[in-house]
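Each remark here refers to the structure printed beneath this line.
Since every read-out is calculated from the coordinates, none of them should be taken as a lab result. Because the structure is a prediction, the values reported are computed rather than measured. As a convention, Cβ positions derive from the backbone with ideal geometry for all residues, glycine included, and neighbour counts pool all protein chains shown.
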Amino acid sequence: MIFNHELPRKVYDSDEHRMLRTTIGDYFKNHVNPYREQWEKQGYCDKEAWLKAGELGLIGLTLDPQYGGAGLDFSYSALLIEEQARYGASAPSFSMHSDIIIPYIENHGSDYLKEKYLPRCLSGEWVGSLAMTEPGTGSDVQAIRTFAEDRGDHYVLNGNKTFITIGYTSDFTIVACKTDRTLGARGVSLLIVDADSKGFSKGQPFQKLGLKASDTCELFFEDVIVPKENLLGSEGRGFYQMMTELPRERLTIAVSAIGSVRGALEKTVEYVQERKAFDQPLCSFQNTQFKLAEVASELEVTCAYVDRCVELLSDHNLTAEQASIAKYYASEVQCRTIDECLQLFGGYGYIWEYPIARFYGDARVQRIYGGTNEIMKLMIARSIFSEYFKQLKSSKQIAAHHT
């Protein structure tokens, strides 16, 4: 079968990848799926799931061994993300913790921060979140208003954030804030704020359309004292740091899209062979065959590009434009193809207890977070016209010089 997840793919075609796939499968079958309904009702997953993942070595697969990690390339992390999506498991949020939070600390943190946070992150004892989005800013990171006032040996942080993935259950959060209101993007810095800090509070998890087992909430900072040593890198480097890490984040969304479509297609193929209409299995109808042929084709073609991006990131060669293409296109394919799969379930596809409904509900946000797909198209377009804009800027500067 063309969509069979066991089909050899160069990017995951090693004995180590196959062993990891087995460990991942056992973890989700035994330690996640049995608790999914409970987690969806409460709006977050239990800490035991994180601790078990840490015990199995599933957290921070790419982290350098000097900090306790396995030091694997990104393809291993991508395999975990894809398989999690294929199982339809919205929690734990490995892509946030392992592929956003841990790299921020590893790549930009001081030795003190690495020693304090990374071992606990690997074990699952501590889970981190990224507080970037604010109620009035959306994708415009430069417009954030949360402010950290310099008080000598510490900052005093005030502001609020929204739509924060695993913000409710996180033990610390990396906060994007202004340390200088007069400098625009160059005034943005990143601070690590521990969950037990005085003045730091959390809203209740949002009731979302999908990803129900993964909590999302608001965060509030009221005169929170943050030690200077909790600054990631140096002041004013926050925007640069975020732009540096965004390609990896966006590629994880594309990888998740691949896994989600693969899982939805597998469930749909099973269903149309069992379900009958007019005394015939649904798979015997030409419409069913054509629709699933289209879905399988879109999946495999998209998979080829995303796999190539995984290889590029593993070699540290992925560009922001390539990541934007992967995120934009894969998430669009995800929503489009899962909608086609759900249609073949008829009325049952609209019932939450059917996996296809979960796949459908979880897919929609993929076109929004990590930068909306409209933002992705802007970035792609800027790449296409980069030389034109350079020449235009240069000609304007020359004209201004002669006036």
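Which FRET efficiency value, to the nearest 0.05, is calculated for Asp15 and Asp153 with the Förster distance at 60 angstrom and r the Cβ-Cβ distance?
0.70
Net charge near Asp26, counting Lys/Arg +1 and Asp/Glu -1 over other residues with Cβ under 15 Å of its Cβ?
Counting the neighbours of Asp26, the net charge comes to +3.
Considering Cα pairs under 8 angstrom that are at least six residues apart, work out the relative contact order of the range 1-113 and quote it in whole percent.
Contact order relative to length: 27 percent.
Only Cα pairs under 8 Å and at least 6 apart count here; give the relative contact order of the chain as a rounded whole percent.
About 16 percent, as a whole number.
Go through Lys116/Lys202; Lys29/Lys202; Lys41/Lys377 and tell me which ones have a Cα-Cα distance over 29 Å in this structure.
Violating the 29 Å limit, Cα to Cα: Lys29/Lys202; Lys41/Lys377.
With unit charges on the beta carbons (Lys and Arg positive, Asp and Glu negative) and the dipole taken about the Cα centre of the chain, which residue among Val175, Gly347, Ala185 sits farthest to the positive side?
The listed residue farthest towards the positive side: Ala185.
How many times 2.2 N^0.38 Å is the alpha carbon radius of gyration of the range 7-145?
1.12
Using 0.36 nm times the number of residues separating Glu340 and Val301, minus their current alpha carbon distance, what extension gain do you get?
Between Glu340 and Val301, full extension yields an extra 12.3 nm.
Considering only the other residues whose Cβ falls under 11 Å of the Cβ of Gly361, what net charge follows from Lys and Arg at +1 and Asp and Glu at -1?
Spelling it out: positives minus negatives among the neighbours equals +2.
Quick check: pseudo-label points 7 Å beyond the Cα along Cα→Cβ at Ile384 and Ile351, how many nm apart are they?
Those two pseudo-labels are separated by 4.5 nm.
May I ask you to list the chymotrypsin sites (Phe, Trp or Tyr not before Pro) in the range 230-314 that are in a DSSP loop and have at most 15 other Cβ atoms within 10 Å of their Cβ?
Phe278, Phe285
Obtain the nm distance between the two label points defined at Thr23 and Asp111 by a simple spin-label model: each point lies 7 Å from its Cα along the Cα-to-C-beta direction.
Placing both labels 7 Å along Cα→Cβ, they lie 2.9 nm apart.
For the range 129-236, what is the convex hull volume of the alpha-carbon atoms per residue, in Å³?
Per-residue hull volume (Cα only) is 94 Å³.
Please compute the Kirkwood hydrodynamic radius of the chain from all pairs of different C-alpha atoms, in Å with one decimal.
Taking the inverse mean of 1/r over all distinct Cα pairs, the chain comes out at 22.3 Å.
What aspartates and glutamates sit close enough to Lys327 to cross-link, taking a C-alpha to C-alpha distance under 13 Å and skipping anything fewer than 8 places away on the same chain?
Those aspartates and glutamates meeting the cut-off are Glu249, Asp307, Glu374.
At 25 °C and 0.890 mPa s, grab the translational diffusion coefficient of the range 240-388 from Stokes-Einstein with a Kirkwood Rh over Cα pairs, rounded to a whole number in µm² per second.
The Stokes-Einstein estimate is 150 µm²/s.
If you filter the range 247-354 for GluC sites (Glu not before Pro), then keep DSSP loop positions with at most 15 other Cβ within 10 Å, what is left?
When the GluC sites (Glu not before Pro) of the range 247-354 are filtered for loop state and at most 15 Cβ neighbours within 10 Å, Glu353 remain.
Which of the lysines could a cross-linker span from Lys291 if the Cα-Cα distance has to be under 23 Å and same-chain partners fewer than 8 positions apart are dropped?
Lys267, Lys276
Just to confirm a number: summing +1 for Lys and Arg and -1 for Asp and Glu over residues other than Asp307 whose beta-carbon lies under 9 angstrom from that of Asp307, what do you get?
Once all neighbours under 9 Å are counted, the net charge is +2.
Antiparallel as a % of all DSSP beta bridges within the range 68-201, to the nearest 5?
So the antiparallel bridges in the range 68-201 amount to around 70 percent.
So what is the calculated 222 nm ellipticity per residue for the chain, using -39500 (n - 2.57) for each DSSP H run with n of 4 or more, over all residues, to the nearest 500 deg cm²/dmol?
Helix-only estimate at 222 nm: -16000 deg cm²/dmol.
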